[in-house]
Amino acid sequence: MSTFGDSRPSPTAPSEDLERLLVSAADLTGAGLDDFTRLESPSSDEDPPPMTGPTPELTAVLNRAFSDKAAREVRTSFMNADSSIVVDEGVSERVAGAAVTWMADMRRVYTECAAWTMSIGDDEITVALVDPADDPSEPLKVEQRFGDEALMRTMLAGPVGQQARITTLLVRDGDRALELTFRSLAGEPGDPEAARLATAMSKFLELAPAKFLGRPVG
């Protein structure tokens, strides 16, 4: 799970078939994403920090879900011109049935954990889930559009006034999964940064799942 950063084992088989499902630098202009450039390497490459949920059982589910290891995965990242928005994308393939189990774990996290903490060094960082009803990205509507199943939620991480906004879309297609994550500073709903993020998200939400699922963009 790439929301907070992770590392994967070396692929056990060539991944060219997965790489063609990722957004490429050449796709950006046609999708109206000229403000974004592809980073030379994915922006998140560390294991996720330990997490603590509201109960011991949910703590185990949290750490299992966000530390999930796919059999094969390819990743890419994009950043806009002023570095205020980073988009991470991963396409993975799991052993038979594992993608269903992983999505079930993530769905349970998003259903039962309104908030949790991450331990980074001596710091405890609070992650709060945004209620879908209050999320302008309308995640419940987005989920209905893609794959065998999809799950989208927004999280706010850090202290008020310095919060990072992390919105992740997960799409499962058989044993393969797409993870599309948007990271930015949390702003007020009406400010220009929020409008820029909403525009970028809408375009990536058209482009990335369509390419993953082999559908026309738009």
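The values are calculated or read from the model by the stated rules, or taken from the named source; none is laboratory data. Keep in mind the model is a prediction, meaning the values are calculated, not measured. Heads up, the Cβs are rebuilt from the backbone with ideal geometry, glycines too, and the neighbour counts pull from every protein chain shown. Note: areas computed on protein heavy atoms with side chains; ligands, DNA, RNA excluded. Shrake-Rupley method; radii C 1.70, N 1.55, O 1.52, S 1.80 Å.
The residues on offer are Ser77, Ser2, Ser7, and the sole one that is modelled with pLDDT of 95 or more, closer than 28 Å to Gly121 by Cα and hydroxyl-bearing (Ser, Thr, Tyr) is Ser77.
Here is a yes/no grid of residues against (1) of a type in the set (S, T, N, Q); (2) out of contact with any Asp or Glu (no Cβ under 7 Å at 6 or more places or on another chain):
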position: Thr117; (1), (2): yes, no
position: Thr126; (1), (2): yes, yes
position: Asp135; (1), (2): no, yes
position: Leu140; (1), (2): no, yes
position: Glu143; (1), (2): no, yes
position: Phe146; (1), (2): no, yes
position: Asp175; (1), (2): no, no
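Can you pull out the residues in segment 93-119 that are of a type in the set (Val, Ile, Thr), closer than 27 Å to Arg72 by Cα and surrounded by fewer than 18 Cβ atoms within 10 Å (Cβ to Cβ)? Val95, Val100, Thr101 - these are the residues of segment 93-119 that are of a type in the set (Val, Ile, Thr), closer than 27 Å to Arg72 by Cα and surrounded by fewer than 18 Cβ atoms within 10 Å (Cβ to Cβ). Looking only at residues of segment 157-214 that are open to solvent by 10 Å² or more (accessible area, probe 1.4 Å) and among the polar types (S, T, N, Q), we find that the one that is nearest to the chain's Cα centre (by Cα) is Ser184.
State whether the residues of segment 63-70 include one that is out of contact with any helix residue (DSSP H, G or I) (no Cβ under 7 Å at 6 or more places or on another chain), among the aliphatic types (A, V, I, L, M) and open to solvent by 10 Å² or more (accessible area, probe 1.4 Å).
no
Taking the conditions (1) among the small types (Gly, Ala, Ser); (2) surrounded by fewer than 21 Cβ atoms within 10 Å (Cβ to Cβ); (3) in contact with an Asp or Glu (Cβ under 6 Å, 6 or more places away or on another chain) in turn, Gly90 satisfies each one other than (2).
Residue by residue, here is whether (1) touching a residue at least 60 places away in the same chain (Cβ under 8 Å); (2) more than 30 Å from Ala96 (Cβ to Cβ); (3) among the hydrophobic types (A, V, I, L, M, F, W, C) holds:
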site: Gly147; (1), (2), (3): yes, no, no
site: Gly161; (1), (2), (3): no, yes, no
site: Leu169; (1), (2), (3): no, no, yes
site: Ala177; (1), (2), (3): yes, no, yes
site: Arg183; (1), (2), (3): yes, yes, no
site: Leu197; (1), (2), (3): yes, yes, yes
site: Pro216; (1), (2), (3): no, no, no
